[in-house]
Amino acid sequence: MALKACGIGHGDEVITVSFTAVATVAAVELCGATPVLVDINSDTYTLDPDQIASVISPRTKAILPVHLYGHPADMDQIVSLADEHNLFVVEDCAQSHGALYQGKKTGSLGDIAAFSFYPTKNLGAIGDGGMVVTDDAALEKRVRLLRQYGWEHRNDSCIPGMNSRLDELQAAILRVKLNHLDAENIRRRNAAHEYRKNLQSTGLTLPNEGKNTIDVYHQYVIRTLKRDLLKLYLAEHGVDTLIHYPVPVHLQLAYRDSVQLENRQLPMTESICKEILSLPMHPYIEKQDIRLIADRIKDFFEMV
C-alpha cells in the first residue's frame, strides 16, 4: 500500500536489496513494478548507498531501504540521492520498531514507511498486522483509501482498493504493548552487549552499529565460515538458531528471472548469506542463558 500510494505501478522500477525477507521484493512485484536489486554494506547488512546511482534510470520511481535486523540503513545518503533524482523513499521498518538514525526514529526518515506487527517483531500482535506511516497528507489519504476498497464514503469506491484493515483485537493489544517498546528495546540492547562481551574472543564477526545509530536488535546475527557446523553443534547442545536469510531473493526460483541486478552480481549479499547465524534474542533472555550459549560456541571453536 505504501508503494501504491506513491503511484508506483507497471513499468516503474524500485531500487532495493536482495538480502531481506521476500516480502520486501514481493510488495514491489504486487504493484506491477520491477525490483532493481543492489548490494549491501558489509558492516550493517543494509542497502549500500554507493550502489544506487549506477542503477537509477528514467523508470526509477522509488528507493526502498530495509532497516534489517533492527539496524537503520544509511538514510542521509539515500534521501540525498532520492531528492536529487525526484524519487520516493519508502522505508521497510518491519524489523526496526524504535530504532534511531541521527536521533530520529526509523519510519520518519523517508516519504512513507511500512511496519510489521507479526508476533515475533519488537512490537508484535498475536496475529498478522501492520501499519503505514507518513507525514504527507496526500499519501496518507491515498493509503486510507487503498486499505478499504477505495471507499471515500461507505460503498463509494473512488479508486481500486483492497481489504487490509487491522482488526480491533490486534489494535487493542498493540496499543498496550507500544507503551513497553522502548523498555524492551533497552533490554534487547543489553542482551546484545552481553553477547558481545562474551563472544569477542571467539573470532566471530559480531554485529556492528553504524555511526549515530541506535540498533534495536530484532535479531542478533553473527558470521562465521563454519556456520553450518556451528549451527548443527549448537542444536545438538540444546541451543536453537535460525538463518535470516539463507537464500537471497535474486537466487530464489520465483524471482530469478523477474528482478534486475546491478552488474548481474551481488557479491557481498551472496557471501554473507553463507555465513550468517541468528542467536536467540528477545527482551527477556537472561544473562546466564547468553553466557551458556557463548560457552557452547567457545567449546565448538576449541573443538574445530
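Results, tabulated for the structure shown:
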{"item": "Residue check, ASP299 more than 20 Å from LEU206 (Cβ to Cβ), out of contact with any Phe, Trp or Tyr (no Cβ under 7 Å at 6 or more places or on another chain) and of a type in the set (Asp, Glu)", "result": "no"}
{"item": "Segment 266-298, residues that are farther than 18 Å from HIS193 by Cα and free of Cβ contacts under 8 Å to residues at least 40 places away in the same chain", "result": "GLU270, SER271"}
{"item": "Filter result (crowded, with 22+ Cβ neighbours inside 10 Å and outside any strand (DSSP E or B)) within segment 34-47", "result": "ASP39, TYR45, THR46"}
{"item": "Residue list for segment 1-16, restricted to those being part of a strand (DSSP E or B) and touching a Ser or Thr at 6+ places or on another chain (Cβ under 7 Å)", "result": "GLU13, ILE15, THR16"}
{"item": "Yes/no for GLU91 being crowded, with 19+ Cβ neighbours inside 10 Å and charged (D, E, K, R)", "result": "yes"}
{"item": "Test: residue in segment 75-87 that is touching a Gly at 6+ places or on another chain (Cβ under 8 Å), modelled with pLDDT of 95 or more, more than 15 Å from ILE112 (Cβ to Cβ) and surrounded by fewer than 21 Cβ atoms within 10 Å (Cβ to Cβ)", "result": "no"}
{"item": "Options ALA53, ALA26: the member that is surrounded by fewer than 20 Cβ atoms within 10 Å (Cβ to Cβ), assigned by TED's automatic domain parsing to the domain that holds VAL132, within 28 Å of ASP215 (Cβ to Cβ) and without any contact (Cβ under 8 Å) to a residue 24 or more places away in the chain", "result": "ALA26"}
{"item": "Helices (runs of 4 or more DSSP H) completely within segment 209-304 that count 3 or more residues being over 25 Å from the mean Cα position of the chain (by Cα)", "result": "227-236, 287-303"}
{"item": "Hits in segment 276-294 - residues which are loosely packed, with under 15 Cβ neighbours inside 10 Å and in contact with a helix residue (DSSP H, G or I) (Cβ under 8 Å, 6 or more places away or on another chain)", "result": "HIS282, TYR284, LYS287, ARG291"}
{"item": "Residues being among the hydroxyl-bearing types (Ser, Thr, Tyr) and in a loop (DSSP other than H, G, I, E, B) - total across segment 48-78", "result": "1"}
{"item": "Scan of segment 27-51 for residues that are within 27 Å of LEU206 (Cβ to Cβ) and of a type outside the set (Asp, Glu), ordered by number", "result": "LEU37, VAL38, ILE40, ASN41, SER42, THR44, TYR45, THR46, LEU47, PRO49, GLN51"}
{"item": "So THR20, is it surrounded by 17 or more Cβ atoms within 10 Å (Cβ to Cβ), in a loop (DSSP other than H, G, I, E, B), touching a His at 6+ places or on another chain (Cβ under 8 Å) and among the polar types (S, T, N, Q)", "result": "no"}
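Conditions (1) over 27 Å from VAL28 (Cα atoms); (2) touching a Leu at 6+ places or on another chain (Cβ under 9 Å), marked per residue:
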{"position": "ASP240", "(1), (2)": "yes, yes"}
{"position": "HIS250", "(1), (2)": "no, yes"}
{"position": "GLN260", "(1), (2)": "no, yes"}
{"position": "GLU270", "(1), (2)": "no, yes"}
{"position": "ASP289", "(1), (2)": "yes, no"}
{"position": "ARG296", "(1), (2)": "yes, yes"}
{"position": "PHE301", "(1), (2)": "yes, yes"}
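Let's see how each residue does on (1) within 24 Å of PRO267 (Cα to Cα); (2) over 14 Å from the mean Cα position of the chain (by Cα):
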{"position": "ALA5", "(1), (2)": "no, yes"}
{"position": "SER18", "(1), (2)": "yes, no"}
{"position": "ALA23", "(1), (2)": "yes, no"}
{"position": "CYS31", "(1), (2)": "no, yes"}
{"position": "THR34", "(1), (2)": "yes, yes"}
{"position": "ASP39", "(1), (2)": "yes, yes"}
{"position": "TYR45", "(1), (2)": "yes, no"}
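The values are calculated or read from the model by the stated rules, or taken from the named source; none is laboratory data. The structure presented is a predicted model; accordingly, all values stated were derived computationally and were not measured. So basically every Cβ, Gly included, is an ideal-geometry build from the backbone, and we count neighbours across all protein chains shown.
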